[in-house]
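What follows draws every value from the coordinates through simple rules; no lab data is involved. This structure is a prediction, so every number in the text was calculated from the model and none was measured. Positions of Cβ are generated from backbone atoms using ideal geometry, with glycine treated the same way; all protein chains shown enter the neighbour counts.
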Amino acid sequence: MGKVFMKLRVMPRDVDVDLKALKEKVNAVKPENVEIADFGIQPIAFGLKALLVAAVMPDEEGIGDRLIEEIQKIDDVESVEIEAQELV
């Protein structure tokens, strides 16, 4: 079984959201067999910044969807988008 690389853009609810704390929350809610490879910050506009999440996971059905669903449940998150996904 292969692995899947997924890059997500996590948009916070507003400019006041602490992105360092948001990183910890994402790490806390990820499914057990998902590895967060890296985090990044992307300026959007007017002081708003997105949290970029690079995750590596087994190529099994529904695991990426579960990761996105868990991140969307975090109070400070407005939305989660897949920026890239590929089999590695």
**Complete:** Over the chain, the sum of -39500 (n - 2.57) across DSSP H runs of at least four, divided by residue number and rounded to 500 deg cm²/dmol, gives at 222 nm -7000 deg cm²/dmol
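How about region 43-88: which trypsin sites (Lys or Arg not before Pro) there are in a DSSP loop, with at most 16 other Cβ atoms within 10 Å of their Cβ? Can you show the working numbers first?
Details: sites: Lys49, Arg66, Lys73; in loops: Lys73.
Listed in order of number, the matching sites are Lys73.
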**Asked** Suppose every K and R has +1 on its Cβ and every D and E has -1 on its Cβ; what is the size of the dipole of region 14-85 about the Cα centre, in Debye to the nearest 20?
**Response** 260 debye
**Request:** Using all C-alpha to C-alpha distances in region 3-87, build P(r) with 5 Å bins and read off the rounded percent in each one.
**Result:** 3, 15, 30, 26, 16, 7, 3, 1
**Prompt:** When only DSSP loop residues count, what GluC sites (Glu not before Pro) in the chain have their Cβ near at most 13 other Cβ atoms within 10 Å?
**Reply:** Glu32, Glu60, Glu61
**Extreme residue, positive dipole direction of the chain, given options Gln42, Ala54, Val80 (C-beta unit charges)** = Gln42
